[in-house]
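All remarks here apply to the structure that follows.
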Amino acid sequence: MKFLASLIPAFLASTAIAAPSRQERAAARFNRRDALRNSNPLQASDLEELRLANANESHVSYSSNWAGAVLIGSGYKSVTGTITVPTPKKPSSGSSSTQYAASAWVGIDGDTCASAILQTGVDFYIKGSTISFDAWYEWYPDYAYDFTGITVKAGDQIKMTVTATSTSAGSAVIQNLTTGKTVTKTFSGETNKLCQTNAEWIVEDFSSGNSLVPFANFGTVTFTGASVSTSSGTTGVSGSEILDIKQGSTVYTSCSTSGSSTVTCSYTG
């Protein structure tokens with residue numbers, strides 16, 4: 001992998017029986033990566049809540065690393081979404097000698113659930129004229145690992161699905177609909193249990209060491225066919241909390257939902 005650091009698992013778990021507060025939920029959100037990157041919880045000071053007047057009463061929160069949509073409920077079994085892989089660019093004020101990166105993924109848990117997160121997605125990298133991509137899976141707090149036997153390039157349609165067959169077992173699947181290649185990772189007997197209370201469609205600025213990686217201009221990432229299934233059926237993204245990335249005084253993303261199954265995030269930094 002491209003960033004060198006050891007993983008330092010860190011998260012806060014609430015013992016209160018009441019619904020988590022905004023600060024508790026902020027502390028529980030994870031930004032994670034593989035063995036060469038480290039995980040940190042969001043800090044409560046990173047969040048500012050806004051009310052959208054015409055977005056189905058959805059809330060918008062600013063965070064330092066997550067952008068996209070989070071649906072909070074119970075009994076979530078499977079989360080899916082399809083993206084067209086973007087061509088990352090360096091930011092307008094960026095340097096051609098610096099590597100920039102971003103990630104798009106779907107997941108179960110990691111917001112109000114502080115014990116585990118099941119997720120899979122694609123990383124985008126750019127340094128100078130060199131662009132590369134990784135497809136990966138993870139059951140946090142174990143490391144994230146790259147899939148082998150699959151290639152990803154800009155313009156490919158990638159379907160991402162995570163499924164929890166129980167709180168300690170499940171699967172992560174990446175399908176390259178353009179090439180017809182599918183890879184799967186199966187999990188079982190995981191010590192850290194899922195809560196099955198959060199469904200996510202996220203563009204992330206992940207961490208290396210103790211700091212966020214330089215964030216790539218990812219253009220626009222749109223999750224289509226975004227849905228979550230429970231024992232009672234399948235639902236879309238309506239009612240999700242919207243997240244945008246804000247670092248310092250700069251807002252880097254603009255995310256929204258449309259219809260019942262689309263999440264769109266655009267780079268604005």
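Highest mean packing first, where packing is the average number of other Cβ atoms within 10 Å per residue, the peptides 252-264, 61-73, 91-103 line up as 61-73, 252-264, 91-103. When each of the peptides 164-170, 189-195 is scored by the mean number of other C-beta atoms lying within 10 Å of its residues, the order from highest to lowest reads 164-170, 189-195. Given LYS89/LYS246; LYS127/LYS181; LYS159/LYS181, which pairs have Cα atoms separated by over 21 Å? From LYS89/LYS246; LYS127/LYS181; LYS159/LYS181, over 21 Å: LYS127/LYS181.
With θ taken as phi - 60° and the Karplus curve 6.51 cos²θ - 1.76 cosθ + 1.60 applied, the whole-hertz 3J(HN,Hα) list for region 102-113 is 7, 9, 10, 8, 10, x, 10, 6, x, 10, 7, 9 Hz, x standing for glycine and proline. Proximity of backbone amide H atoms, modeled 1.01 Å from N, is registered between THR230 and LYS77, THR235 at under 5 Å, excluding neighbours fewer than 5 places apart on the same chain.
For region 216-252 versus region 74-151, the spacing of their alpha-carbon centroids is 13 Å. One chain, two ends: SER258 and LYS89. Fully extended at 0.36 nm per residue, the span grows by 58.3 nm beyond their Cα-Cα distance. Amide H to amide H distances under 5 Å link GLY269 with no residue, where only residues 5 or more positions off or on other chains count and H is placed in the peptide plane. In order along region 124-134, the Karplus-derived 3J(HN,Hα) couplings, from 6.51 cos²θ - 1.76 cosθ + 1.60 at θ = phi - 60°, round to 10, 10, 9, 9, x, 9, 8, 10, 8, 9, 10 Hz, and Gly and Pro are given as x.
So, counting K/R as plus one and D/E as minus one, what does the shell of residues with Cβ under 9 Å around ALA102 add up to?
Values: positive: none; negative: ASP123, GLU204, ASP205.
For residues surrounding ALA102, the net value is -3.
Sorted fewest first by neighbouring Cβ atoms within 10 angstrom, TYR137, TYR267 come out as TYR267, TYR137.
Taken together, the values in this text are just the output of simple stated rules run on the coordinates, not laboratory data. From a predicted model like this one, the values you see are computed outputs, not experimental measurements. Neighbour counts run over all protein chains shown; Cβ positions are idealised from the backbone, glycine included.
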